[in-house]
Amino acid sequence: MTDFRENPCVSVNKLGQYLTARPALRKRIIHAQKNPCDPKYLRYPEAAQAIVEFLCGGRDETILRYHQHRLLHAEPESDFDAHRLALCAEALHHFRKASGELALTNAVASPADEGLPPLALAGVAINVRPELLLRSVDRHGAMRSGLLKLYFSKHTPLDEASGQYIATVLQLFAEQNLKQQGEVDHRLVRVFDVFAGKVFVAPKAQQRRLGDVHLACEEIAARWDRN
């Protein structure tokens, strides 16, 4: 484990889970966010990188097959590393089967800026870290922009509510950071559950969900020092 985080923060994916979780799971989420694992124990960064390369590189399935083969035949350094490599390869297998669900035919994808700051809300820093910037031109010739966030969990798929919450936060984040990329179009703000093969598009009506997100962040901030 790394040193605990002194100030309240949460990843956007965990925030989506928190908003639909029972009290016991909410407590565990706060504890895990306060005491994060060492980055070397993250399970899916290589799968995410391969998907970004695929979506930004002409969407050639050869890219996904290459990375899947590479991960399956890599020499692991530990038991955890072997498990991680297998999970990444499995994630790419699921993505290959469901990538068409993203329906990005008219959108141009490029890697999102990794230096974008967290979204500050109700005393909590929300780490959004989208993988992709999406851009398209509407029928009037105006540039539109959005973001894509990948979600990886083999055993905890997003339900409709949690997926919509994450997409709503992603929309707010996009509106604060994409002013130079064209007006944000909620239809280009998407969350993709890789293992479930399901895409969640930011809803047009967001006021109620944003209110729920604000209350959840207030709760996380209030409970931070007690977990």
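The values are calculated or read from the model by the stated rules, or taken from the named source; none is laboratory data. Every value quoted in this text rests on a predicted model; they were computed, and no experiment measured them. Note: ideal-geometry Cβ built from the backbone for every residue, glycine included; neighbour counts use all protein chains shown. To get the accessible areas, we keep the full protein, side chains included, count just its heavy atoms, and leave off ligands, DNA and RNA. Shrake-Rupley method; radii C 1.70, N 1.55, O 1.52, S 1.80 Å.
A few comments on the model shown:
- Largest to smallest accessible area among 18, 66 [probe 1.4 Å]: 66, 18
- Theoretical ellipticity at 222 nm over the chain - DSSP helices of four or more residues, -39500 (n - 2.57) apiece, nearest 500: -14000 deg cm²/dmol
- Averaged over its residues, the chain has an accessible area of 54 Å² per residue, based on protein heavy atoms and a 1.4 Å probe.
- Most mobile listed residue (35, 127, 13) in the chain, GNM with C-alpha springs under 10 Å: 35
- In this structure residue 218 has an accessible area near 90 Å², from a 1.4 Å probe over the protein heavy atoms.
- Proximal lysines to residue 27, defined as alpha-carbon separation beneath 17 angstrom and excluding residues fewer than eight positions away on the same chain: 14
- Accessible area ranking (1.4 Å probe, heavy atoms, ligands and nucleic acids excluded), largest first, for 209, 226, 139: 139, 226, 209.
- Share of carbon and sulfur in the accessible heavy-atom surface of the stretch 56-125 [1.4 Å probe, %]: 52 percent
- A Förster radius of 41 Å, combined with the Cβ-Cβ distance separating residue 32 from residue 139, puts the computed FRET efficiency at roughly 0.35.
- If you run the Gaussian network model on the chain, springs between alpha carbon atoms under 10 Å, then out of 158, 42, 104 the most flexible one is 42.
- Taking a straight line from the alpha carbon of residue 179, these aspartates and glutamates sit under 16 Å away, with near neighbours fewer than eight places off in the same chain left out: 113.
- Leading residue at positive end of dipole, the chain (Cβ point charges), from 166, 64, 112: 166
- Extension gain for residue 105-residue 86 works out to 3.9 nm (0.36 nm per residue, less the C-alpha to C-alpha distance).
- Taking a ≥ b ≥ c as the square roots of the eigenvalues of the Cα gyration tensor, an a/c ratio of 1.5 or more together with a/b no larger than b/c marks the stretch 82-215 as oblate.
- Gain on full extension, evaluated as 0.36 nm per residue between residue 159 and residue 61 minus their Cα-Cα distance, stands at 32.5 nm.
- Residue ranking by accessible heavy-atom surface, 1.4 Å probe, largest first, among 183, 46, 77 comes out as 77, 183, 46.
- Tensor-based shape of the stretch 27-160 (alpha-carbon gyration tensor, a/c under 1.5 rounded, otherwise prolate or oblate): oblate
- Highest-MSF residue in the chain out of 64, 133, 72 [GNM, Cα springs under 10 Å]: 72
- Shape of the chain, Cα gyration tensor, a/c cut at 1.5: oblate
- Carbon plus sulfur fraction of accessible area for the stretch 155-222, probe 1.4 Å, in percent: 49 percent
- R0 of 41 Å, Cβ-Cβ distance residue 24-residue 96: FRET efficiency to nearest 0.05: 0.70
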